[in-house]
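The values are calculated or read from the model by the stated rules, or taken from the named source; none is laboratory data. No experiment lies behind these values; they were computed from the predicted model shown. Reconstructed Cβ throughout: ideal geometry from the backbone, glycine too, with neighbour counts over all protein chains shown. Areas reflect the complete protein model, heavy atoms only, side chains present, ligands, DNA and RNA absent. Shrake-Rupley method; radii C 1.70, N 1.55, O 1.52, S 1.80 Å.
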Amino acid sequence: LQLAVAFVQKYPQSPLRAQIADAIAREIAETTDQQAKGSLAQTFLEIFNLPAEASLVTASLLNSYINTGQTQDAMTLGTKWLADHPDDITVMQNLTILASGQAIKGNNAFIAQGRDYGAKAIALLEADKMPAGYDAAKWPDFKRQALVSLYRETGILAFKGGDNAAAAPLLEKAIELGSQDAAIYFLVSDLNNEVYELRAKAHMVA
């Protein structure tokens, strides 16, 4: 990056600029330290500031935000990314999981966004709309695993948002698709018991 700074400052119009940017972006993407990945991506954006260059590290920066708990930054960047890439199921899934994790911790600020992204991702998967760039051979397994996760997370988000009527069928769908999360089984049991008790009370009143 230091060498890139010197090069871009000296030769800002060089035809090699795009090649250098792409090579560095790929190196950043392969960085396993998420904190360092985010820092490197930010530095990259300071050097390579042309509109077409920013997208080269968007995925790296978003992954860093998600994995280092920078939820608001992740949601902001994710929203911007999805405006231009509305079929990026992986980003929608990651943002849904992030929102669910925050809701479990008691932060309900991202429930609406999480549910929206989760619903959109589920719709794409259920319609079997494989985005460009996905491996066709791996798509069926990805689709199945993603649906289990998305139904689980959107169910949790609905529950944490007080929408039990929506939560129950979503969580039941996750179980139907093979979720091994024991907590979901207990939650579904509680939700169904609640519905039973409400119907019983209504029947007694009637």
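Checking each residue in segment 125-178 for being among the hydrophobic types (A, V, I, L, M, F, W, C) and exposed (fewer than 14 other Cβ atoms within 10 Å of the Cβ) picks out ALA127, ALA132, ALA136, ALA137, ALA165. Among the residues of segment 6-41, none is identified as surrounded by fewer than 17 Cβ atoms within 10 Å (Cβ to Cβ), in contact with a Phe, Trp or Tyr (Cβ under 8 Å, 6 or more places away or on another chain) and either closer than 21 Å to GLY78 by Cβ or of a type in the set (D, E, K, R) (or both).
Scanning segment 143-164 turns up no residue that is in contact with a Phe, Trp or Tyr (Cβ under 6 Å, 6 or more places away or on another chain), part of a helix (DSSP H, G or I), modelled with pLDDT of 90 or more and aliphatic (A, V, I, L, M). Number of residues in segment 120-159 that are closer than 19 Å to PHE186 by Cβ and over 18 Å from the mean Cα position of the chain (by Cα): the value is 1. The set of residues from segment 42-65 being among the acidic types (Asp, Glu) and surrounded by fewer than 14 Cβ atoms within 10 Å (Cβ to Cβ) comprises just one member, GLU46.
Selection over segment 1-27 of residues that are within 16 Å of SER55 (Cβ to Cβ) and of a type in the set (Gly, Ala, Ser) gives a count of 4. Checking the structure you have, find out if any residue of segment 87-96 is among the aliphatic types (A, V, I, L, M) and open to solvent by 30 Å² or more (accessible area, probe 1.4 Å). No, segment 87-96 has no match at all. Annotation note: Cβ proximity below 8 Å between a residue of segment 51-74 that is under 18 Å from ILE20 (Cβ atoms) and a residue that is of a type in the set (Val, Ile, Thr) and surrounded by 15 or more Cβ atoms within 10 Å (Cβ to Cβ) (sequence gap 6+ or interchain) occurs for VAL57/ILE28; SER60/ILE28; SER60/THR31. Taking segment 66-76 as the region of interest, how many residues are open to solvent by 30 Å² or more (accessible area, probe 1.4 Å) and outside any loop (DSSP other than H, G, I, E, B)? So the count comes out to 5.
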